[in-house]
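Okay, so here's the structure we're looking at.
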């Protein structure tokens, strides 16, 4: 399996070359799991064993250099290795779109904690880096997808903290996720919340995709979360959502490269194997 680090080595560092070798070994294991029809949790375990969740659940670091130096995505003092994540998604896209999605959404789910989480929230990150826990990013709604400003899920302050009401749709990792970052409207502003899926008042409705993929709808009906569940300040939700999406957006293209490479290799193998009859000699 070729990766961009093979074709464009001048854009990568020795650490990325070492990662590429680890990714090839992981890809072989994931391909076997997909052929065997493995459950989603087995895919999570394989990603965790390879240490890939560490790429997207990195502890916050202060970056002394200018933004973007060394090819990292830096937001609010948080630096993630964008090239490493791109390599990982390219390799996973080649063998398992499901594994690629699980990894990416793990990153989307925890990134707001890296940006603005409390010390207690950030203390949970090692469990996600080890794959012991899984996160989701609850943004999309029946009437709000790309238009984040149209989110209608409500957060109302109450004695216990906040009451959440609303519906989220097409949320990847539901079914295996323990927590989700939930964007909700508090008054006329969006605020982010770190919500345990097991919270009373939350129900998951599984949804079907055309290929194996953990995904579902998240229904919040009077779900009470403590004030400590809020991520960052009131009204910071839109900023956190955009910064999170920006940090991972470039890696979507890398995943597409991996899938395109696989499509090409499969097509080439098919026409080579099938063969064509020779023209009849008159």
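Descriptive notes on the structure:
- Identity of the residue in region 148-157, surrounded by fewer than 17 Cβ atoms within 10 Å (Cβ to Cβ) and in contact with a strand residue (DSSP E or B) (Cβ under 7 Å, 6 or more places away or on another chain), that ends up modelled with the lowest pLDDT: 150
- Taking first residues from region 195-216 that are in contact (Cβ under 8 Å) with a residue 60 or more places away in the chain and partners that are surrounded by fewer than 12 Cβ atoms within 10 Å (Cβ to Cβ) and not in a strand (DSSP E or B), the Cβ contacts under 9 Å between residues at least 6 apart in sequence or on separate chains come to 212/37.
- Lone qualifier among 107, 145 - being within 26 Å of residue 43 (Cβ to Cβ) and at pLDDT below 95: 145
- Residue match in region 217-237 (condition: under 21 Å from residue 97 (Cβ atoms) and modelled with pLDDT of 95 or more): yes
- Per-region count, region 109-130, residues surrounded by 24 or more Cβ atoms within 10 Å (Cβ to Cβ) and under 17 Å from residue 174 (Cβ atoms): 2
- Any hit, region 260-275, residues being closer than 24 Å to residue 99 by Cα, touching a helix residue (DSSP H, G or I) at 6+ places or on another chain (Cβ under 9 Å) and in contact (Cβ under 8 Å) with a residue 40 or more places away in the chain: yes
- Taking the numbered list (1) touching a strand residue (DSSP E or B) at 6+ places or on another chain (Cβ under 8 Å); (2) buried (at least 17 other Cβ atoms within 10 Å of the Cβ) in turn, residue 203 passes all entries but (2).
- Here is the figure for region 28-55: residues that are touching a residue at least 60 places away in the same chain (Cβ under 8 Å), closer than 27 Å to residue 9 by Cβ and buried (at least 21 other Cβ atoms within 10 Å of the Cβ) total 3.
- Segments classed as strands (runs of 3 or more DSSP E), wholly inside region 120-197, with at least 1 members that are under 14 Å from the mean Cα position of the chain (by Cα): 135-138, 161-172, 179-186
- Some residue of region 112-123 being touching a strand residue (DSSP E or B) at 6+ places or on another chain (Cβ under 8 Å), in contact (Cβ under 8 Å) with a residue 40 or more places away in the chain and more than 19 Å from residue 236 (Cα to Cα): no
- Verdict on residue 33 being at pLDDT 95 or above and more than 17 Å from the chain's Cα centre (by Cα): yes
- Residue selected from region 173-185 under the condition buried (at least 18 other Cβ atoms within 10 Å of the Cβ) and out of contact with any helix residue (DSSP H, G or I) (no Cβ under 6 Å at 6 or more places or on another chain), by the criterion farthest from residue 118 (Cα to Cα): 175
- Any hit, region 86-95, residues being within 17 Å of residue 191 (Cβ to Cβ) and either modelled with pLDDT of 95 or more or touching a helix residue (DSSP H, G or I) at 6+ places or on another chain (Cβ under 9 Å) (or both): no
- Scanning region 210-239 for residues that are in contact with a helix residue (DSSP H, G or I) (Cβ under 8 Å, 6 or more places away or on another chain), closer than 17 Å to residue 113 by Cβ and surrounded by fewer than 16 Cβ atoms within 10 Å (Cβ to Cβ) yields a count of 2.
The values are calculated or read from the model by the stated rules, or taken from the named source; none is laboratory data. Everything numeric here is computed off the predicted structure, so don't read it as measured data. A quick note on method: Cβ atoms are made from the backbone with ideal geometry, for glycine too, and the neighbour counts reach across all protein chains shown.
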